[in-house]
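The values are calculated or read from the model by the stated rules, or taken from the named source; none is laboratory data. None of these values were measured; they are calculated from a predicted model. Neighbour counts run over all protein chains shown; Cβ positions are idealised from the backbone, glycine included. Ligands, DNA and RNA are stripped out before the accessible areas are found, and what is left, the full protein with its side chains, is counted by its heavy atoms. Shrake-Rupley method; radii C 1.70, N 1.55, O 1.52, S 1.80 Å.
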Amino acid sequence: MKLLTVVGNRPQFIKSAPLSVALREAGLEEVVVHTGQHWDPSLSAVFYEELGLAEPDIALDLRTSDVATLESALRRAVTDVQPDAVLIYGDTNSTLAGCRAGKGIPVAHVEAGLRSGDLTMPEERNRIEVDALSAYLFTPDERSAETLRSEGVGGEIHVVGDVMADAAARFAPLARARSGILATLGLEPGGYVLATAHREANVRPERLRRIVTGLGRSPLPVVLPVHPRTKSVLDEQAITVPPTIRVIDPLGYLDLAALASQAAAIATDSGGLQKEAYWYGVPCVTMRPSTEWVDTVEAGANVLVDDDPDRIATALAGARMPAERPPLYGDGHASERIAGILGGVGRG
(Lines give C-alpha, C1' and ligand atoms only; values in the text may rest on other atoms or scores of the structure.)
Protein backbone atom coordinates (compact mmCIF):
# COMPACT_ATOMS: atom_id res chain seq x y z
CA MET A 1 0.00 0.00 0.00
CA LYS A 2 1.28 3.45 -0.92
CA LEU A 3 0.27 6.44 1.21
CA LEU A 4 0.57 10.11 0.35
CA THR A 5 0.94 11.94 3.69
CA VAL A 6 0.14 15.67 3.76
CA VAL A 7 1.79 17.91 6.37
CA GLY A 8 1.86 21.67 6.50
CA ASN A 9 2.51 23.03 9.99
CA ARG A 10 4.70 22.29 12.97
CA PRO A 11 2.29 20.13 15.00
CA GLN A 12 1.78 17.93 11.97
CA PHE A 13 5.53 17.37 11.60
CA ILE A 14 5.66 16.19 15.21
CA LYS A 15 2.59 13.95 14.91
CA SER A 16 3.90 12.40 11.72
CA ALA A 17 7.22 11.34 13.26
CA PRO A 18 6.11 8.28 15.27
CA LEU A 19 3.49 7.28 12.69
CA SER A 20 6.01 7.37 9.83
CA VAL A 21 8.21 4.97 11.79
CA ALA A 22 5.25 2.67 12.46
CA LEU A 23 4.17 2.73 8.81
CA ARG A 24 7.66 1.81 7.68
CA GLU A 25 7.86 -1.02 10.21
CA ALA A 26 4.50 -2.29 8.96
CA GLY A 27 5.89 -2.47 5.44
CA LEU A 28 3.85 0.42 4.00
CA GLU A 29 5.26 2.87 1.48
CA GLU A 30 4.86 6.50 2.46
CA VAL A 31 5.42 9.61 0.33
CA VAL A 32 5.39 12.78 2.44
CA VAL A 33 4.39 16.10 0.91
CA HIS A 34 5.02 19.34 2.81
CA THR A 35 2.67 22.06 1.57
CA GLY A 36 4.71 24.94 2.97
CA GLN A 37 1.71 26.38 4.87
CA HIS A 38 4.31 27.07 7.59
CA TRP A 39 7.41 28.10 5.71
CA ASP A 40 9.44 30.03 8.29
CA PRO A 41 12.48 27.80 9.04
CA SER A 42 11.87 28.21 12.78
CA LEU A 43 8.39 26.73 12.29
CA SER A 44 9.20 23.89 9.93
CA ALA A 45 12.69 22.94 8.78
CA VAL A 46 14.12 23.01 12.30
CA PHE A 47 11.89 20.08 13.25
CA TYR A 48 13.38 17.84 10.60
CA GLU A 49 16.86 18.70 11.80
CA GLU A 50 16.45 18.34 15.56
CA LEU A 51 14.05 15.38 15.56
CA GLY A 52 16.09 13.48 13.01
CA LEU A 53 13.19 13.19 10.58
CA ALA A 54 13.69 12.45 6.93
CA GLU A 55 13.12 15.46 4.70
CA PRO A 56 9.72 15.41 2.94
CA ASP A 57 9.70 13.64 -0.40
CA ILE A 58 7.84 16.58 -1.99
CA ALA A 59 8.25 20.18 -0.80
CA LEU A 60 5.65 22.43 -2.42
CA ASP A 61 6.90 25.58 -0.64
CA LEU A 62 3.57 27.33 -1.31
CA ARG A 63 3.87 29.80 1.60
CA THR A 64 0.15 30.24 1.90
CA SER A 65 -2.83 28.95 3.86
CA ASP A 66 -5.26 29.50 0.96
CA VAL A 67 -7.17 26.25 0.57
CA ALA A 68 -7.72 26.54 -3.19
CA THR A 69 -4.02 27.10 -3.85
CA LEU A 70 -3.04 24.21 -1.58
CA GLU A 71 -5.63 21.91 -3.11
CA SER A 72 -4.57 22.60 -6.68
CA ALA A 73 -0.93 21.77 -5.93
CA LEU A 74 -1.87 18.68 -3.93
CA ARG A 75 -4.04 17.40 -6.79
CA ARG A 76 -0.93 17.44 -8.98
CA ALA A 77 0.96 15.53 -6.28
CA VAL A 78 -1.82 12.93 -6.12
CA THR A 79 -1.67 12.54 -9.90
CA ASP A 80 2.11 12.13 -9.84
CA VAL A 81 2.30 9.74 -6.88
CA GLN A 82 -0.84 7.67 -7.58
CA PRO A 83 -1.29 6.68 -3.92
CA ASP A 84 -3.70 4.06 -2.62
CA ALA A 85 -4.75 6.47 0.15
CA VAL A 86 -4.13 10.02 1.35
CA LEU A 87 -3.16 10.43 5.01
CA ILE A 88 -3.97 13.74 6.73
CA TYR A 89 -3.59 15.11 10.26
CA GLY A 90 -5.66 17.46 12.38
CA ASP A 91 -7.64 20.47 11.22
CA THR A 92 -5.49 22.91 9.25
CA ASN A 93 -6.15 24.29 5.78
CA SER A 94 -3.49 21.85 4.51
CA THR A 95 -5.60 19.06 6.07
CA LEU A 96 -8.72 20.21 4.26
CA ALA A 97 -6.87 20.73 0.97
CA GLY A 98 -5.33 17.26 1.22
CA CYS A 99 -8.75 15.75 1.84
CA ARG A 100 -10.30 17.49 -1.15
CA ALA A 101 -7.32 16.69 -3.36
CA GLY A 102 -7.77 13.01 -2.62
CA LYS A 103 -11.22 12.93 -4.19
CA GLY A 104 -11.81 9.43 -5.52
CA ILE A 105 -9.00 8.05 -3.35
CA PRO A 106 -9.61 6.86 0.24
CA VAL A 107 -8.63 9.49 2.82
CA ALA A 108 -7.37 8.52 6.29
CA HIS A 109 -7.86 11.24 8.91
CA VAL A 110 -5.75 11.17 12.07
CA GLU A 111 -7.39 13.09 14.98
CA ALA A 112 -10.90 12.59 13.69
CA GLY A 113 -14.06 13.43 15.61
CA LEU A 114 -12.77 16.39 17.61
CA ARG A 115 -15.25 19.22 18.08
CA SER A 116 -15.11 22.48 20.01
CA GLY A 117 -18.70 23.44 19.12
CA ASP A 118 -17.51 26.83 17.85
CA LEU A 119 -18.33 27.22 14.14
CA THR A 120 -16.67 30.64 14.04
CA MET A 121 -13.34 28.77 14.11
CA PRO A 122 -12.05 27.83 10.65
CA GLU A 123 -10.53 24.72 12.24
CA GLU A 124 -13.95 23.53 13.42
CA ARG A 125 -15.42 23.84 9.94
CA ASN A 126 -12.38 22.02 8.54
CA ARG A 127 -12.84 19.15 11.01
CA ILE A 128 -16.49 18.65 10.09
CA GLU A 129 -15.90 18.62 6.33
CA VAL A 130 -12.82 16.39 6.53
CA ASP A 131 -14.57 13.82 8.71
CA ALA A 132 -17.57 13.74 6.39
CA LEU A 133 -15.30 12.95 3.42
CA SER A 134 -12.78 10.55 4.98
CA ALA A 135 -12.86 6.78 4.53
CA TYR A 136 -10.81 5.97 7.66
CA LEU A 137 -11.37 7.98 10.82
CA PHE A 138 -8.78 7.53 13.57
CA THR A 139 -10.05 9.07 16.80
CA PRO A 140 -8.13 9.75 20.03
CA ASP A 141 -10.95 8.61 22.31
CA GLU A 142 -14.45 7.18 22.54
CA ARG A 143 -16.01 10.65 22.90
CA SER A 144 -14.72 11.59 19.44
CA ALA A 145 -15.94 8.31 17.98
CA GLU A 146 -19.41 8.92 19.41
CA THR A 147 -19.42 12.40 17.87
CA LEU A 148 -18.76 10.87 14.47
CA ARG A 149 -21.50 8.30 14.93
CA SER A 150 -23.97 11.01 15.88
CA GLU A 151 -23.05 12.92 12.70
CA GLY A 152 -23.66 9.84 10.58
CA VAL A 153 -20.28 9.84 8.84
CA GLY A 154 -19.73 7.17 6.23
CA GLY A 155 -16.12 6.24 7.00
CA GLU A 156 -14.76 3.48 9.23
CA ILE A 157 -14.29 4.71 12.81
CA HIS A 158 -11.32 3.43 14.81
CA VAL A 159 -10.50 4.50 18.39
CA VAL A 160 -6.69 4.36 18.43
CA GLY A 161 -5.50 7.00 20.91
CA ASP A 162 -3.58 10.15 20.10
CA VAL A 163 -0.40 10.11 17.99
CA MET A 164 0.69 13.25 19.85
CA ALA A 165 0.90 11.13 23.01
CA ASP A 166 3.25 8.85 21.09
CA ALA A 167 5.39 11.86 20.15
CA ALA A 168 5.37 13.32 23.66
CA ALA A 169 6.46 10.02 25.18
CA ARG A 170 9.24 9.78 22.63
CA PHE A 171 10.53 13.35 22.59
CA ALA A 172 9.87 14.93 26.03
CA PRO A 173 12.65 13.06 27.85
CA LEU A 174 14.98 13.84 24.96
CA ALA A 175 14.00 17.52 25.20
CA ARG A 176 14.79 17.79 28.89
CA ALA A 177 18.11 16.02 28.41
CA ARG A 178 19.28 17.92 25.35
CA SER A 179 17.76 21.39 25.61
CA GLY A 180 19.59 24.14 27.46
CA ILE A 181 16.76 26.65 27.08
CA LEU A 182 16.03 27.07 30.80
CA ALA A 183 19.67 27.86 31.53
CA THR A 184 19.84 30.19 28.52
CA LEU A 185 16.81 32.15 29.77
CA GLY A 186 17.89 32.02 33.42
CA LEU A 187 14.79 30.08 34.51
CA GLU A 188 14.21 27.49 37.19
CA PRO A 189 11.79 24.57 36.79
CA GLY A 190 8.39 25.60 38.15
CA GLY A 191 9.36 29.25 38.28
CA TYR A 192 7.69 30.62 35.15
CA VAL A 193 4.63 30.49 32.88
CA LEU A 194 4.95 29.44 29.24
CA ALA A 195 2.54 31.31 26.94
CA THR A 196 1.69 30.98 23.25
CA ALA A 197 -0.86 32.86 21.14
CA HIS A 198 -1.12 32.41 17.41
CA ARG A 199 -4.69 31.51 16.33
CA GLU A 200 -6.29 33.83 13.82
CA ALA A 201 -8.94 35.07 16.26
CA ASN A 202 -6.38 35.87 18.94
CA VAL A 203 -4.07 37.97 16.79
CA ARG A 204 -6.77 40.51 16.09
CA PRO A 205 -5.43 43.67 17.73
CA GLU A 206 -8.04 44.14 20.45
CA ARG A 207 -8.05 40.50 21.50
CA LEU A 208 -4.27 40.31 21.46
CA ARG A 209 -4.04 43.49 23.53
CA ARG A 210 -6.38 41.99 26.16
CA ILE A 211 -4.50 38.70 26.22
CA VAL A 212 -1.16 40.44 26.70
CA THR A 213 -2.66 42.54 29.49
CA GLY A 214 -3.90 39.43 31.28
CA LEU A 215 -0.59 37.61 30.89
CA GLY A 216 1.19 40.66 32.26
CA ARG A 217 -0.66 40.22 35.57
CA SER A 218 0.76 36.75 36.13
CA PRO A 219 2.40 36.33 39.56
CA LEU A 220 5.26 34.52 37.81
CA PRO A 221 7.34 35.73 34.87
CA VAL A 222 5.91 34.77 31.49
CA VAL A 223 7.94 33.46 28.55
CA LEU A 224 6.24 34.09 25.21
CA PRO A 225 7.83 32.48 22.12
CA VAL A 226 6.20 34.70 19.53
CA HIS A 227 4.72 33.32 16.32
CA PRO A 228 5.63 35.48 13.26
CA ARG A 229 1.96 36.38 12.77
CA THR A 230 1.65 37.44 16.41
CA LYS A 231 4.86 39.46 16.30
CA SER A 232 3.67 41.30 13.22
CA VAL A 233 0.49 42.45 14.99
CA LEU A 234 2.37 43.41 18.16
CA ASP A 235 4.73 45.56 16.11
CA GLU A 236 2.25 47.07 13.65
CA GLN A 237 -0.28 47.94 16.34
CA ALA A 238 2.38 49.12 18.81
CA ILE A 239 0.87 46.89 21.51
CA THR A 240 2.69 47.46 24.78
CA VAL A 241 4.04 44.24 26.27
CA PRO A 242 4.27 44.37 30.08
CA PRO A 243 7.79 43.98 31.48
CA THR A 244 6.88 40.70 33.20
CA ILE A 245 6.47 39.07 29.76
CA ARG A 246 9.65 37.97 28.05
CA VAL A 247 9.08 37.83 24.28
CA ILE A 248 11.47 35.47 22.52
CA ASP A 249 11.82 34.12 18.99
CA PRO A 250 9.97 30.93 17.98
CA LEU A 251 11.51 27.78 19.40
CA GLY A 252 12.32 24.39 18.01
CA TYR A 253 10.28 21.49 19.31
CA LEU A 254 12.84 20.25 21.82
CA ASP A 255 13.26 23.67 23.45
CA LEU A 256 9.50 24.21 23.53
CA ALA A 257 8.93 20.76 25.06
CA ALA A 258 11.59 21.42 27.67
CA LEU A 259 9.94 24.72 28.62
CA ALA A 260 6.42 23.31 28.59
CA SER A 261 7.19 20.21 30.65
CA GLN A 262 8.90 22.22 33.42
CA ALA A 263 6.59 25.28 33.59
CA ALA A 264 4.43 26.18 36.58
CA ALA A 265 1.56 26.70 34.14
CA ILE A 266 0.91 26.99 30.41
CA ALA A 267 -1.28 29.74 28.93
CA THR A 268 -2.12 28.99 25.31
CA ASP A 269 -4.58 28.94 22.43
CA SER A 270 -2.94 25.83 20.97
CA GLY A 271 -4.85 22.57 20.92
CA GLY A 272 -1.63 20.56 20.97
CA LEU A 273 -0.20 22.34 23.99
CA GLN A 274 -3.40 21.77 25.96
CA LYS A 275 -2.90 18.03 25.60
CA GLU A 276 0.84 18.16 26.19
CA ALA A 277 0.30 20.17 29.36
CA TYR A 278 -1.95 17.38 30.64
CA TRP A 279 0.55 14.66 29.82
CA TYR A 280 3.34 16.70 31.44
CA GLY A 281 1.30 17.27 34.59
CA VAL A 282 1.29 21.07 34.08
CA PRO A 283 -1.95 23.08 34.62
CA CYS A 284 -3.25 24.82 31.51
CA VAL A 285 -5.06 28.12 30.95
CA THR A 286 -6.70 28.20 27.52
CA MET A 287 -7.21 31.63 26.01
CA ARG A 288 -10.17 30.60 23.88
CA PRO A 289 -13.91 30.44 24.52
CA SER A 290 -14.02 26.72 23.70
CA THR A 291 -11.81 23.70 23.24
CA GLU A 292 -11.90 20.44 21.33
CA TRP A 293 -10.08 18.77 24.26
CA VAL A 294 -13.08 18.85 26.60
CA ASP A 295 -11.79 16.04 28.82
CA THR A 296 -8.89 18.16 30.09
CA VAL A 297 -11.36 20.79 31.28
CA GLU A 298 -13.65 18.20 32.88
CA ALA A 299 -10.63 16.71 34.67
CA GLY A 300 -9.87 20.11 36.22
CA ALA A 301 -6.49 20.43 34.53
CA ASN A 302 -7.49 23.09 32.00
CA VAL A 303 -9.60 26.24 32.33
CA LEU A 304 -11.16 28.30 29.54
CA VAL A 305 -10.71 32.05 30.03
CA ASP A 306 -11.18 33.46 26.51
CA ASP A 307 -9.46 36.87 26.19
CA ASP A 308 -10.61 38.30 29.55
CA PRO A 309 -7.57 39.85 31.31
CA ASP A 310 -9.03 39.34 34.80
CA ARG A 311 -9.88 35.68 34.16
CA ILE A 312 -6.45 35.05 32.64
CA ALA A 313 -4.72 36.58 35.69
CA THR A 314 -6.95 34.76 38.18
CA ALA A 315 -6.53 31.42 36.44
CA LEU A 316 -2.73 31.76 36.34
CA ALA A 317 -2.59 32.72 40.01
CA GLY A 318 -4.65 29.66 40.97
CA ALA A 319 -3.34 27.17 38.42
CA ARG A 320 -3.03 23.71 39.97
CA MET A 321 -3.22 20.18 38.67
CA PRO A 322 -6.01 18.04 40.16
CA ALA A 323 -5.07 15.37 42.68
CA GLU A 324 -6.54 12.71 40.39
CA ARG A 325 -5.37 12.72 36.78
CA PRO A 326 -7.06 9.99 34.72
CA PRO A 327 -5.22 8.82 31.60
CA LEU A 328 -6.51 10.65 28.54
CA TYR A 329 -6.08 10.16 24.80
CA GLY A 330 -4.35 6.83 24.64
CA ASP A 331 -1.31 4.96 25.87
CA GLY A 332 1.41 6.10 23.46
CA HIS A 333 0.81 3.32 20.93
CA ALA A 334 -1.68 4.97 18.57
CA SER A 335 0.82 4.93 15.69
CA GLU A 336 1.19 1.15 15.75
CA ARG A 337 -2.60 0.73 15.77
CA ILE A 338 -3.06 3.06 12.79
CA ALA A 339 -0.28 1.34 10.85
CA GLY A 340 -1.81 -2.06 11.62
CA ILE A 341 -5.24 -0.99 10.39
CA LEU A 342 -3.90 0.57 7.19
CA GLY A 343 -1.64 -2.43 6.63
CA GLY A 344 -4.69 -4.66 6.89
CA VAL A 345 -6.46 -2.52 4.28
CA GLY A 346 -3.44 -2.91 1.99
CA ARG A 347 -3.54 -6.69 2.34
CA GLY A 348 -7.31 -6.79 1.83
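General observations
- Relative contact order for the chain: 17 percent, from Cα pairs under 8 Å spaced at least 6 residues apart, divided by residue count.
- The rule of thumb for compact globular proteins, 2.2 N^0.38 Å, goes into the C-alpha radius of gyration of segment 94-221 1.38 times.
- Base-10 log of normalised Debye intensity for segment 49-112 (one unit scatterer per alpha-carbon) at q = 0.13, 0.22, 0.27 Å⁻¹: -0.36, -0.98, -1.26
- Cα-based convex hull volume of segment 223-348 per residue, rounded to whole Å³: 153 Å³
- Packing around the peptides 15-23, 215-223, taken as the average count of other Cβ atoms within 10 Å per residue, puts them in this order, highest first: 15-23, 215-223.
- Stretched out straight at 0.36 nm per residue, the stretch from ALA54 to ARG176 would grow longer than its current Cα-Cα span by 41.7 nm.
- About the Cα centre, charge dipole magnitude for segment 78-170 (Lys/Arg +1, Asp/Glu -1 at Cβ), debye: 160 debye
- Listed peptides 141-149, 118-126 by packing density, highest first (mean Cβ within 10 Å): 141-149, 118-126
- Per-residue [θ]222 nm for the chain (sum of -39500 (n - 2.57) over DSSP H runs n ≥ 4, rounded to 500): -13500 deg cm²/dmol
- Set the Cα radius of gyration of segment 180-269 against 2.2 N^0.38 Å, with N its number of residues, and you get 1.02.
- All-pairs alpha carbon distance profile, segment 236-299, 10 Å steps from 0, percent: 18, 47, 29, 6
- Based on protein heavy atoms only, segment 1-154 ends up with 39 Å² per residue of surface accessible to a 1.4 Å probe.
- Across the chain, Cα-Cα pairs more than 36 Å apart make up 16 percent of the total.
- Alpha-carbon spread of segment 41-153, three principal axes, descending order, Å: 39, 31, 26
- Straight-line cross-link partners of LYS2 among the lysines, defined as a Cα under 23 Å from its Cα and at least 8 positions apart when in the same chain: LYS15, LYS103.
- Viscosity 1.567 mPa s, temperature 4 °C, Stokes-Einstein D of segment 273-339 from Kirkwood C-alpha radius, µm²/s: 101 µm²/s
- The alpha carbons of segment 100-140 give a radius of gyration and a Dmax of 10.4, 30 Å, in that order.
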